[in-house]
1. Say the cut-off is 18 Å between C-alpha atoms; which of K52/K151; K13/K151; K204/K252 go over it?
2. Say R0 is 22 Å: what FRET efficiency, to the nearest 0.05, do K17 and D119 get from their beta-carbon distance?
3. Ranking request for peptides 176-186, 108-118: highest mean number of other beta-carbon atoms within 10 Å first, then the rest in descending order.
4. Full extension from E251 to H224: what is 0.36 nm times the residue separation minus their Cα-Cα distance, to one decimal in nm?
5. What is the calculated FRET efficiency for T211 to K50, with r their C-beta to C-beta distance and R₀ = 41 Å, to the nearest 0.05?
6. How high is the FRET efficiency from N191 to D232, r the C-beta distance, R0 22 Å, rounded to 0.05?
7. Let me know the shape class of region 186-250, please: from the alpha-carbon gyration tensor, a ≥ b ≥ c as square roots of the eigenvalues, rounded when a/c is under 1.5, otherwise prolate if a/b is greater than b/c, or oblate.
8. Give the residue from V163, M247, N190 lying farthest towards the positive end of the charge dipole for region 146-253; charges sit on Cβ (+1 for Lys and Arg, -1 for Asp and Glu) and the dipole is referred to the Cα centre.
Amino acid sequence: MAPTMELEAKNIKEAVKTACNKLNISQSELKYDIISYGSSGIFGLGRTKKAKIRVMMPEEQLTAESSEMQTRVSPLGSDVEMKEHVQSLIRETFNDTQVPAFPDNPQSLGKDVLRRIVDSITTGARISAEEDNERILFNVNGGNSAILIGKHGQTLEAIQSLVEKIVNKHNSERVRVQVDVEGYLEKRKNNLIRHAERQAKKCKRIRKPVTVGYMNAHDRRIVHLALKNDRDVKTHSMGDGFLRKLMIFPEKNAAPGHR
């Protein structure tokens with residue numbers, strides 16, 4: 001195995017630049033794996049985390065022919081890495097000292113922020129916005145929707161959270177922001193309600209607790225609301241962290257076998 005070295009910097013671009021300087025080679029000649037993507041909040045939000053790469057040391061001075069070798073980058077192995085990747089891309093897109101284009105217009109500011117985030121991840125995406133008394137809803141269509149959504153919607157939730165934080169940081173009144181991609185949230189909601197109702201029927205039939213699954217806060221709320229009027233069962237979240245187990249328990253006064 002070729003010898004390696006690890007380097008840290010505020011982002012991947014800076015880490016690669018440092019490696020090239022240390023080895024006195026061009027970026028096209030550098031071979032490396034990404035261990036972690038640097039991340040930090042935008043406009044002063046969130047914690048800062050350095051990017052880290054593992055560089056394959058050249059065994060000898062590379063010739064002009066070898067400079068045509070392509071840079072090797074490890075794929076994102078988890079949704080945690082994808083969320084960090086999103087934050088890293090956002091940090092490179094935004095400067096903490098940059099003044100937002102529309103600081104007094106929450107919808108325009110949110111759309112501007114979301115546009116830059118989406119464009120740093122995929123191409124060809126279209127963004128529309130609608131507003132009511134409760135929220136501002138941004139709809140993203142086109143582009144690579146799978147990457148924007150992520151496993152269990154974790155990337156989408158990270159994007160929404162960041163857009164909402166920036167909008168509210170520059171607005172005197174609290175504004176609720178929701179970001180959807182290709183109608184994912186509505187489809188997810190309908191699937192969750194059907195699944196919850198099936199599990200509730202099973203719980204009442206067998207008179208034992210059943211598991212709905214490990215869910216984020218948004219999905220748990222959908223299930224809680226879907227079953228809140230069913231007096232024969234109750235829902236309860238268990239555990240800590242981003243994903244928590246959601247359980248359905250039979251109520252004591254429910255008739256056995258009630259459906």
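Coordinate-derived values only; no laboratory data. Because the structure is a prediction, the values reported are computed rather than measured. All Cβ positions, even for glycine, are placed from backbone atoms using ideal geometry, and neighbour counts span all protein chains on display.
1. Working: K52/K151 24 Å; K13/K151 26 Å; K204/K252 11 Å.
Pairs exceeding the cut-off: K52/K151; K13/K151.
2. Numbers: r = 23 Å, r/R0 = 1.05.
The calculated FRET efficiency here is 0.45.
3. Details: 176-186: 18.0, 108-118: 21.1.
Order by mean packing, descending: 108-118, 176-186.
4. Values: separation 27, 0.36 × 27 = 9.72 nm, distance 1.48 nm.
Contour length minus Cα-Cα distance gives 8.2 nm.
5. Working: r = 38 Å, r/R0 = 0.93.
It comes out at approximately 0.60.
6. Values: r = 23 Å, r/R0 = 1.03.
It comes to 0.45.
7. Oblate shape, in that a/c is at least 1.5 and b/c is the bigger or equal ratio.
8. Of the candidates, M247 comes out farthest on the positive side.
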